Amino acid sequence: MQKATIIVCPDVTTLSRKAAERFIAIGKSAIAARGQFSVALAGGSTPETMYANLASPEMLQQLDWTKTFIFMSDERHVLPSDPRSNYGMALRTLLCKISPDKRHVFPVPTQHPTAAEAAAAYQRDLTNFFSASPDIRFDLILLGLGSDGHTASLFPHSAALNEKTRLVADSPPGTLPPPVERITFTYPLLNAAREILVRVAGEAKAAPLRRILVDGVGREECPAAGLHPSNGTLSYFIDTAAAAMLPSTMLTKL
Ligand code: 6PG
């Protein structure tokens, strides 16, 4: 069974604010301990309000962005200008508010002709970035949860679930939109993180959350069930709608 801290918030607004506060706290602690904060942002639509919180003047000034290094935990194989781009969404909601000379952002190089080439290039970027570190280990990886139980772009029954060597892999479209090739962190990279924070909102996520956290469904069916940080923590920040099928004894209320 997945061991996770489950923080439940009354609504998405509170969820976004609390997740943003956690992001800032982890960032400050990482910079104090190691002189830098390495973080991978999630895609999809749920994170938008969290990124907008981080982009607020009162939050922006709380973190030293010159020591913050930002990657994407997954991406669609489209250009940044494409409305489906996860990087494009992060740029619109958060990154544009950090002055370009003060931000260190590593988008997935989706200009490569295939998702496999983009994944290989991104792995090189990651390896180069962490070359001075003892290991390739993010301080924080943000993720979402799809209604089919996917996370990042690890979809049910996909080959990327069994990837043991590549840290970044290409993956065919899942059953949920958009139907485009993906580039995704794999479990070896995800589970090396110091902290994984999964944000989950809405009633459509109540069933996959229960399958993962209560029924013990495996990662082939629900890839988010494969999140097991080997030397880190896993936390779910969820709203009451997503918590509807979980026993209250599992929940930490904020
Ligand atoms: C993507 C996302 C994906 C997302 C989930 C949840 O590229 O689609 O990275 O993994 O996190 O699908 O999406 P929502 O938060 O928008 O429901």
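Inspect all residues belonging to region 237-254 and state whether any of them is hydroxyl-bearing (Ser, Thr, Tyr) and part of a loop (DSSP other than H, G, I, E, B). If you could, list the steps in order and put the result at the bottom.
Within region 237-254, the first condition is being hydroxyl-bearing (Ser, Thr, Tyr), and the residues that meet it are 240, 248-249, 252.
Next cut, part of a loop (DSSP other than H, G, I, E, B) only: 240.
Within region 237-254, one or more residues are hydroxyl-bearing (Ser, Thr, Tyr) and part of a loop (DSSP other than H, G, I, E, B).
Please determine whether any residue of region 171-185 is away from the ligand (no atom under 12 Å from the Cβ), modelled with pLDDT of 95 or more and open to solvent by less than 40 Å² (accessible area, probe 1.4 Å). It would help to see each step written out before you state the result.
Quick first cut of region 171-185, residues away from the ligand (no atom under 12 Å from the Cβ) only: 172.
Then keep just the ones that are modelled with pLDDT of 95 or more; that gives none.
No, region 171-185 has no match at all.
Report, ordered by the first and then the second residue, all pairs with beta carbons closer than 7 Å, sequence separation of six or more or different chains, a first member in region 145-168 that is touching a residue at least 24 places away in the same chain (Cβ under 8 Å) and of a type in the set (A, V, I, L, M), and a second member that is open to solvent by 40 Å² or more (accessible area, probe 1.4 Å) and within 16 Å of the ligand (Cβ to nearest atom).
Within 7 Å, the pairs are 161/219.
Scan region 131-152 and give yes if some residue there is in a helix (DSSP H, G or I), over 16 Å from residue 238 (Cα atoms), in contact with a helix residue (DSSP H, G or I) (Cβ under 6 Å, 6 or more places away or on another chain) and open to solvent by less than 40 Å² (accessible area, probe 1.4 Å), otherwise no. Before you say what the answer is, go through the steps one by one.
Taking region 131-152 and keeping what is in a helix (DSSP H, G or I), we get 131-132.
After this cut, where a residue has to be over 16 Å from residue 238 (Cα atoms) as well, the list is 131-132.
Next cut, in contact with a helix residue (DSSP H, G or I) (Cβ under 6 Å, 6 or more places away or on another chain) only: none.
No; the residues of region 131-152 include none that is in a helix (DSSP H, G or I), over 16 Å from residue 238 (Cα atoms), in contact with a helix residue (DSSP H, G or I) (Cβ under 6 Å, 6 or more places away or on another chain) and open to solvent by less than 40 Å² (accessible area, probe 1.4 Å).
Filter region 1-45 down to the residues that are more than 13 Å from residue 201 (Cβ to Cβ), open to solvent by less than 10 Å² (accessible area, probe 1.4 Å) and small (Gly, Ala, Ser) and list them by number.
Correct list: 20, 27, 30, 38, 40.
Quick one: residue 48 ticks every box in (1) closer than 30 Å to residue 115 by Cβ; (2) open to solvent by less than 30 Å² (accessible area, probe 1.4 Å); (3) within 12 Å of the ligand (Cβ to nearest atom); (4) part of a helix (DSSP H, G or I) bar one, so which box is it?
Condition not satisfied by residue 48: (2).
So, of the residues in region 75-126 that are in a helix (DSSP H, G or I) and open to solvent by 60 Å² or more (accessible area, probe 1.4 Å), which turns out to be nearest to the ligand (Cβ to nearest atom)? Write out each step before concluding.
As a first pass, look at region 75-126 and keep what is in a helix (DSSP H, G or I): 86-93, 95-97, 100-102, 115-126.
Among the residues that remain, those that are also open to solvent by 60 Å² or more (accessible area, probe 1.4 Å) are: 92, 96-97, 100-102, 117, 124.
On the way: 92: 15, 96: 20, 97: 21, 100: 24, 101: 28, 102: 26, 117: 19, 124: 21 Å.
Per the stated criteria, the residue is 92.
I need the full set of residues from region 186-202 which are away from the ligand (no atom under 13 Å from the Cβ), under 18 Å from residue 236 (Cα atoms) and open to solvent by less than 30 Å² (accessible area, probe 1.4 Å), in order please. Quick ask: steps written out before the conclusion?
Going residue by residue through region 186-202, those that are away from the ligand (no atom under 13 Å from the Cβ) are 186-189, 191-195.
From what's left, under 18 Å from residue 236 (Cα atoms): 187, 191-195.
Across region 186-202, the qualifying residues are 187, 191, 192, 193, 195.
Being out of contact with any helix residue (DSSP H, G or I) (no Cβ under 8 Å at 6 or more places or on another chain) and closer than 18 Å to residue 45 by Cβ, is that true of even one residue in region 94-101?
Scanning region 94-101 turns up at least one residue that is out of contact with any helix residue (DSSP H, G or I) (no Cβ under 8 Å at 6 or more places or on another chain) and closer than 18 Å to residue 45 by Cβ.
Of all residues in region 203-232, which are in contact with a strand residue (DSSP E or B) (Cβ under 9 Å, 6 or more places away or on another chain) and either assigned to a loop (DSSP other than H, G, I, E, B) or open to solvent by 30 Å² or more (accessible area, probe 1.4 Å) (or both)?
Answer for region 203-232, where residues must be in contact with a strand residue (DSSP E or B) (Cβ under 9 Å, 6 or more places away or on another chain) and either assigned to a loop (DSSP other than H, G, I, E, B) or open to solvent by 30 Å² or more (accessible area, probe 1.4 Å) (or both): 205, 219, 222, 227, 228, 229, 232.
Quick one: would you say residue 145 is near the ligand (Cβ under 9 Å from one of its atoms) and closer than 23 Å to residue 241 by Cα? Walk me through how you get there before you give the answer.
Values: near the ligand (Cβ under 9 Å from one of its atoms): yes; closer than 23 Å to residue 241 by Cα: yes.
Yes, satisfied.
Which condition does residue 194 not pass, out of (1) touching a Gly at 6+ places or on another chain (Cβ under 8 Å); (2) of a type in the set (Lys, Arg); (3) modelled with pLDDT under 95, if it passes all the others?
(3)
Taking the stated definitions as given, is residue 48 acidic (Asp, Glu) and within 25 Å of residue 200 (Cβ to Cβ)? Reasoning before the result, please.
Details: acidic (Asp, Glu): yes; within 25 Å of residue 200 (Cβ to Cβ): yes.
Considered against the rule, which asks whether it is acidic (Asp, Glu) and within 25 Å of residue 200 (Cβ to Cβ), residue 48 comes out as yes.
The values are calculated or read from the model by the stated rules, or taken from the named source; none is laboratory data. All values reported here derive from a predicted model rather than from experimental measurement. Cβ sites come from the backbone with ideal geometry, for glycine too, and all protein chains shown count toward neighbours. Each accessible area value is taken on the protein alone, full model and side chains, heavy atoms only, with ligands, DNA and RNA left out. Shrake-Rupley method; radii C 1.70, N 1.55, O 1.52, S 1.80 Å.
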